[in-house]
Structures are given as C-alpha cells and as structure tokens.
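**Q** Below are the structure tokens for one structure; questions will follow.
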Amino acid sequence: MSESADGTVSAYTVRLELVDEPGELLRTLEPIADNGGNLLSIFHERGSLTPRGHIPVEVDLEATPERFESIVTALREAGVNVIQAGAERYGEELSVVLVGDLVETDLSDTLSRLECASASVADIALSAPDGTDEPASARLRLATQTGERDRALDTVRDVADEKDLLLVEPLVGADR
C-alpha cells in the first residue's frame, strides 16, 4: 500500500448493515480492496439483526487517511449502508418523529434519503396501530457527524415536506 505524504497508515473501523443475501459480504469488501484498504478483521454478526432487519458487520482495516475517505465514498456509491466510519465520523445523535402516511409514501425510500454523507439512520421504531392504510408514526434516531446536526435536520425537513409528513423536531439541546 502506498503511504500518504507523511507516511501515515492508520487502523480504522467501519460498521455496516448488510442485506442477508448470498454474495453481499463479498460485494461489500470489493470497494475496500479496490481503494487500497488492507483488511485486518471482519466481524459478521449473521445471527443478529439491526432495527431495519439487516445484518451488522464490522470491518477493521488499515489505510492512509486519503484512501480511507475514498473507501467510505466507494462503499456508499455501491449502495452499502455505512453506519459508522472511523472513530469520530458519527459523534452526535438526533431523534425525530415523523407522522403521516409513512407506508404509502414508501418508508424504505424515506429512510434511504435520510442516509447522507453527514448522517445515518441508527434506529427506527414504527407504530401503525390502525394498520398500514392509516397514518403511522416513526421515531428515528440519526447518528450525525460532529457539527452536522443542522444539515441532517434540514434533510429530514426536506423529505418530510416533500412527502407531506408531520415532523416533530427535537427540543434544542435535548439530544446533545
């Protein structure tokens, strides 16, 4: 592996969520190898499921800081759900509630659109007491990059406005 100008190669941990399908782990490892990452370990928790029903995977790797950023970008471009990348990537949390026709407006699309470079959906609790044809509510916990809470909240606002969903925002300072 080539080193950065100052020769720094560091160890990083990337936490991912994978769909339980054959070949998914291999597909996820390709962007790491293609961008010069050196695998140290893989912890694949096939018996566990995340709140969205995916399998949590933790990958430890070595790379220069420049290559690590390329790896994270390539994973996202490949459609891999990156929950955490590096020690401080997601240093803050933000909780919101969405109310409305969550199922009819495609909850999966809503969650995918909230996944952005500055935030990741860490947890979701959906309540639809009157069935999926009636309004429902979802509490979302977003992990955000340090200093990016406002940007992540703007993304939630945009998606809620577009889908005509009521957004209950956190109290100022309550989540920090």
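The values are calculated or read from the model by the stated rules, or taken from the named source; none is laboratory data. Remember, it's a predicted structure, so these values are computed and weren't measured experimentally. In this analysis, Cβ positions are derived from the backbone assuming ideal geometry, glycine residues included, and neighbour counts consider all displayed protein chains. Remember, those area values only see protein heavy atoms, side chains included, never the ligands or the DNA or RNA. Shrake-Rupley method; radii C 1.70, N 1.55, O 1.52, S 1.80 Å.
**Q** Of the residues that make up region 72-85, is at least one in a strand (DSSP E or B), closer than 15 Å to Val121 by Cβ, touching a Ser or Thr at 6+ places or on another chain (Cβ under 7 Å) and open to solvent by less than 20 Å² (accessible area, probe 1.4 Å)?
**A** For region 72-85, residues in a strand (DSSP E or B), closer than 15 Å to Val121 by Cβ, touching a Ser or Thr at 6+ places or on another chain (Cβ under 7 Å) and open to solvent by less than 20 Å² (accessible area, probe 1.4 Å): present.
**Q** Also: Take the residues in region 86-98 that are part of a strand (DSSP E or B) and of a type in the set (A, V, I, L, M); name whichever of them is modelled with the lowest pLDDT.
**A** Of everything passing the filter in region 86-98, Leu94 is modelled with the lowest pLDDT.
**Q** Follow-up question, since we're still on this one. Looking only at region 12-67, count how many residues are of a type in the set (D, E, K, R), out of contact with any Pro (no Cβ under 6 Å at 6 or more places or on another chain) and not in a strand (DSSP E or B).
**A** Result for region 12-67: 10.
**Q** Val57 fails exactly one of the following numbered conditions: (1) open to solvent by 40 Å² or more (accessible area, probe 1.4 Å); (2) farther than 24 Å from Thr8 by Cα; (3) modelled with pLDDT of 80 or more. What is the number of that condition?
**A** (1)
**Q** Please pick out the residue among Val99, Val19 that is without any contact (Cβ under 8 Å) to a residue 40 or more places away in the chain and open to solvent by 30 Å² or more (accessible area, probe 1.4 Å).
**A** Step by step, each of Val99, Val19 is checked, and only Val19 is without any contact (Cβ under 8 Å) to a residue 40 or more places away in the chain and open to solvent by 30 Å² or more (accessible area, probe 1.4 Å).
**Q** Quick test for you: out of Arg52, Arg27, Arg46, pick the one residue that is at pLDDT 90 or above and over 20 Å from Gln145 (Cα atoms).
**A** When all the criteria are applied, what remains is Arg27.
**Q** Also, quick follow-up: Six or more apart or on different chains, Cβ under 6 Å: which pairs go from a residue in region 150-170 that's aliphatic (A, V, I, L, M) to one that's open to solvent by 40 Å² or more (accessible area, probe 1.4 Å)? Could you list them?
**A** Cβ pairs passing all conditions: Val159/Arg113; Leu166/Val99; Val168/Val97.
**Q** Can Val121 be described as closer than 28 Å to Ala85 by Cα, within 16 Å of the chain's Cα centre (by Cα), at pLDDT 90 or above and not aromatic (Phe, Trp, Tyr)?
**A** No: the conditions fail for Val121.
**Q** Would you mind stating whether Leu102 is modelled with pLDDT of 85 or more and touching a Ser or Thr at 6+ places or on another chain (Cβ under 8 Å)? Give the steps one after another, and end with the answer.
**A** Numbers: modelled with pLDDT of 85 or more: yes; touching a Ser or Thr at 6+ places or on another chain (Cβ under 8 Å): yes.
So Leu102 passes the test.
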